[in-house]
Amino acid sequence: MDSAARLRSRWLATAASAGAPADRDPGPYADRLLAAWSEPQRRYHTTAHLADVLARIDVLAADAPAADRAAVELAAWFHDAVYRPDRSENEERSAALAERALRELGIAEDRTAEVARLVRLTTTHDPAPGDTNGEVLCDADLAVLAGDPDAYAAYAAAVRAEYGFVPDDAFRAGRAAVLRQLLDLPRLFRTPYGAAHWEAPARRNLAAELAALTG
């Protein structure tokens, strides 16, 4: 089974666990989402990123179980479903897409609202204390920052490629500002697992990239 087929199979299982009625076919939704995640302007925000976020949710589930695992997984599917690197409203448009699609699919209104809230939360990655759903999703989304040096370099290169339309000087200034903002946070990761395993390597990677951009 190839990666797209595995993702599609996972979507079907997640939709069922989220309460999609038996008379609604979740398959077309998977196909549309996978097509969105495969758009040509994407270099980092691809199906590979989606698969990685879902895998990180699996890692976190045993150590920091979400109150609504199905909502967290659905939010992972939608959190970058709308992505244009030249626009700033991607999270809001992705959340609105989740609201429309999940209502059509027959997902309960309270769970649909929670998915949309979680998607919007990825704008800041700043869940409130006790927001276990938000902590799991945000940590899973940011876990790429804690990769080994080669993996992190590939991530940084993919981000640069997505912003290929931005001149080098402007990109370096903007990216440096993002890195400083992340490094200034008291905590990048909120789950116990993320704090123990991802915080230190992520900070090393961010500091190294910042030094390379500004040195």
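Observations on the model:
- Listed peptides 20-32, 106-118 by packing density, highest first (mean Cβ within 10 Å): 106-118, 20-32
- Within the accessible area of the range 1-115 (1.4 Å probe), percent carbon and sulfur: 51 percent
- Per residue value of the accessible surface for the range 112-171 (all protein chains in place, 1.4 Å probe), Å²: 42 Å²
- Projected-area mean, the range 8-48, by convex hull of Cα positions, square nanometres: 3.1 nm²
- Protection-proxy order for peptides 73-80, 137-144, 122-129, each taking the mean of Cβ atoms within 10 Å per residue, highest first: 73-80, 137-144, 122-129
- Degrees separating the helix 3-17 axis from the principal Cα axis of the chain, which is the longest one: 50 degrees
- Scattering from the range 1-120 was approximated by placing one identical point on each alpha carbon and applying the Debye formula without solvent; log10 I(q)/I(0) at 0.12, 0.18, 0.19, 0.21 1/Å stands at -0.40, -0.93, -1.04, -1.28.
- Residue (of ALA70, ALA96, PHE171) at the positive-pole extreme of the chain, dipole from beta-carbon charges: PHE171
- With respect to the chain, whose longest principal axis is taken over its alpha-carbon atoms, helix 69-78 is tilted by about 60°.
- For the range 54-123, the alpha carbon positions stretch 37, 28, 15 Å along the principal axes, listed from largest to smallest.
- Rolling a 1.4 Å probe over the protein heavy atoms gives the range 31-86 an accessible area of 38 Å² per residue.
- The range 28-83: relative contact order in percent, alpha carbon pairs under 8 Å with at least 6 residues between: 46 percent
- Top positive-direction residue, dipole computed over the chain with Cβ charges, set LEU7, TRP198, GLY215: GLY215
- Degrees separating the helix 109-121 axis from the principal Cα axis of the chain, which is the longest one: 10 degrees
- Taking the 1.4 Å solvent-accessible surface of the range 130-215 as the whole, the part contributed by carbon and sulfur is 60%.
- Semi-axes of the equivalent ellipsoid for the range 99-215, Cα gyration tensor, largest first, Å: 30, 19, 12
- Spin-label zone in the range 33-52 - amide nitrogen under 18 Å from a point set 7 Å from the Cα of PHE171 along the C-beta vector: 40-46
The values are calculated or read from the model by the stated rules, or taken from the named source; none is laboratory data. No experiment lies behind these values; they were computed from the predicted model shown. Note that we place each Cβ from the backbone using ideal geometry, even for glycine, and neighbour counts take in every protein chain shown. Heads up: the accessible areas ignore ligands, DNA and RNA and are worked out on the full protein's heavy atoms, side chains in. Shrake-Rupley method; radii C 1.70, N 1.55, O 1.52, S 1.80 Å.
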